[in-house]
Amino acid sequence: MFGRRRHSQVPSLNTTSTADISFMLLVFFLVTSSMDSDKGLRRQLPPPPQEEQQAVDIQQDDIMTVVLDGKNHLTVEGDTLSASQLKQRIVEFAAVAPKRRVVALDVSADATYDAYFHLQETVVAAYRRLKVAPRISETIGGVADEDRKGGER
């Protein structure tokens, strides 16, 4: 009457391709998704120098040197300034002769990217008020642009 019950086994699923499909989906979504960062310096670089381009002599009075030290302090001619004070100082400096005046940035290698980013934006905002494109010379970690590029401009 009571017979032995037959235990039937449930057939197992073939999962060998599941890992492959998961990997393919992961790659697909990584490739097709955009990962834009909101930070960055948007600048239009000057054209490459012409062979016949002449060097321009700039008088010392036409250069304002802004120093960004390792502790992210902005200094102009020995005065420590905030970003808004720096912007006002640049506007006053460049308003006299905006095409002739140069803002030189001396940035410590220990300065943070955020401080450097805000410094660049402050300089550009000051020149935007004057409606003139800025002329910026940069020195990072004691090395000028010309020295990093092998003396070429």
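With a 1.4 Å probe and all protein chains kept in place, how much accessible area does residue 73 have, in Å² rounded to the nearest 10?
Solvent-accessible area, nearest 10 Å²: 90 Å².
How would 81, 13 rank on accessible area, largest to smallest, probe 1.4 Å?
If we order 81, 13 from most to least accessible, we get 13, 81.
If each of residue 110 and residue 129 carries a label point 7 Å out from its Cα toward its Cβ, how far apart are those two points in nm?
3.1
Grab the beta carbon distance between residue 83 and residue 35, set R0 = 30 Å, and tell me the FRET efficiency rounded to 0.05.
The formula returns an efficiency of 0.55 here.
Ordering 108, 8, 33, 84 by accessible area with a probe of 1.4 Å, largest first, what comes out?
Largest to smallest exposure gives the sequence 8, 84, 33, 108.
Gain in length, residue 73 to residue 21, computed as 0.36 nm per residue apart minus the alpha-carbon separation, to one decimal in nm?
13.4 nm
Give the accessible surface of segment 10-125 per residue, rounded to a whole number of Å², with probe radius 1.4 Å and ligands, DNA and RNA excluded.
That works out to 76 Å² per residue.
In segment 63-114, what percentage of the DSSP-assigned beta bridges are antiparallel, given to the nearest 5?
Given both bridge residues lie in segment 63-114, the antiparallel proportion sits at roughly 50 percent.
When you have a sec, figure out the Kirkwood radius of segment 88-127 from all distinct Cα pair distances and drop it here in Å to one decimal?
About 11.1 Å for segment 88-127.
The values are calculated or read from the model by the stated rules, or taken from the named source; none is laboratory data. The shown structure was predicted, so the numbers you read here are calculated from the model rather than taken from an experiment. Quick reminder, even Gly has a Cβ in these numbers, built from the backbone with ideal geometry, and neighbours come from all protein chains shown. Just the protein is used for accessible areas: all its heavy atoms, side chains included, with ligands, DNA and RNA removed. Shrake-Rupley method; radii C 1.70, N 1.55, O 1.52, S 1.80 Å.
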